[in-house]
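Participant: Quick one: the structure is below, questions incoming.
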Amino acid sequence: MPGILNSINNAVQSIGNKANSLIGGSLAQPGLSLFGTNLPFTPLISFRDRFLNSLDQWNTSIPLNTQFIVLIDNFPLGLTTNVLQNLEPIVQRTGFDINLPKATLTNYKNQAIVGCIFTNGFNIGDDSLEADSAKIENNRGFIQGTILKNRSDFASNKFTLSLRETNSSFVDFVIRPWVIMASHFGMVARDKSNPAELLKDPKVNLTVVQYTRSDKGLSQIPRKTWRFYNCVPTSVSTRDYQYGEAEDVKNFDTTWVYDRYEISSNLYMNVGELIKAINPFPF
């Protein structure tokens, strides 16, 4: 084996020497090393430089994790003071009086311009497929094959939305009553032509748009869109307030179930198509 490699090296070296003599001297450009000998006219491949150069390309650069918006398509028609007070036993006349704060918290300014202004973060559950082995009785030396079984359900892979607490609490005046309403009416299909049935429908669609960096002076570029269909909030996280604690921004987690979801890329859409696709609020 060493003799064969030496013969190849000698042949390659001979080619290199002849090429050098033709151009009048040694090559200034580094060559690709083959068995210890450089091939002329062939630049060296630097894996490090190739990786670093890829980070300068938009498609293969590292995205920004903190740039996103969440759009809630609409809010249930039955999310009103009258409906909540009929569903829940109240003592005070103002119990579950949500109409005014809901109107303020869900208006165009707080929900459409940059998405839900109260959003602080989100968590998307995994998507998995169960695998198992094909059982062979007394398989001896034969390797058992692999079979695919059940895909994970969305009921257990919930969508979590972290919402910031403000003086008019979006969590307590919109999401919490929404959870109560959904618990009474459920996620059953409704006759959309029947106004009474529409008041009982708690389902909406959610859109998450993730942005990344762009060139100086340009708006950020939406790189990925998540679309969740027939979403319903199912819980709000525990409140904890204490005297003596440091004043800080509080965020509360809300969990949502959904029927299905999609992922799409917006890289090849013009601005008009993009706004129409992701913004549920007409101008």
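Participant: Listed here are the pairs Lys192/Lys250; Lys149/Lys250; Lys102/Lys158; Lys158/Lys192; Lys200/Lys224; Lys158/Lys200; which of them are more than 30 Å apart at the Cα?
Facilitator: Lys192/Lys250; Lys149/Lys250; Lys200/Lys224
Participant: In what order do Leu64, Leu87, Leu148 fall by count of nearby beta-carbon atoms within 10 Å, going from fewest to most?
Facilitator: With the fewest neighbours first, Leu64, Leu87, Leu148 line up as Leu148, Leu64, Leu87.
Participant: Ranked by Cβ crowding within 10 angstrom, fewest neighbours first, how are Val171, Val208 ordered?
Facilitator: Ascending Cβ contact count within 10 Å gives the list Val208, Val171.
Participant: Let me ask another. Please give the length that would be gained between Ile136 and Asp49 if that part of the chain were fully extended, namely 0.36 nm times their separation in residues minus their C-alpha to C-alpha distance (nm, one decimal).
Facilitator: Contour length minus the Cα-Cα distance gives 26.3 nm.
Participant: If the chain between Thr60 and Ser156 were fully stretched, how many nm would it gain, using 0.36 nm times the residue separation less the Cα-Cα distance?
Facilitator: Separation in residues times 0.36 nm, less the Cα-Cα distance, equals 31.3 nm.
Participant: Another one. If each of Lys109 and Thr81 carries a label point 7 Å out from its Cα toward its Cβ, how far apart are those two points in nm?
Facilitator: Computed distance between label sites Lys109 and Thr81 equals 2.1 nm.
Participant: Shape verdict for the stretch 176-238, please, from the Cα gyration tensor: rounded (a/c under 1.5), prolate (a/b greater than b/c) or oblate.
Facilitator: Prolate.
Participant: Now a separate question. Work out the charge dipole of the stretch 64-278 with +1 on the Cβ of Lys and Arg and -1 on the Cβ of Asp and Glu about the Cα centre, then indicate which of Ile69, Pro101, Phe122 is farthest towards its positive end.
Facilitator: Ile69
No value in this document is a laboratory result; all are computed from the given coordinates. Computed from a predicted model, the values in this text were never measured in an experiment. Virtual Cβ from ideal backbone geometry, glycine too; neighbours counted across all protein chains shown.
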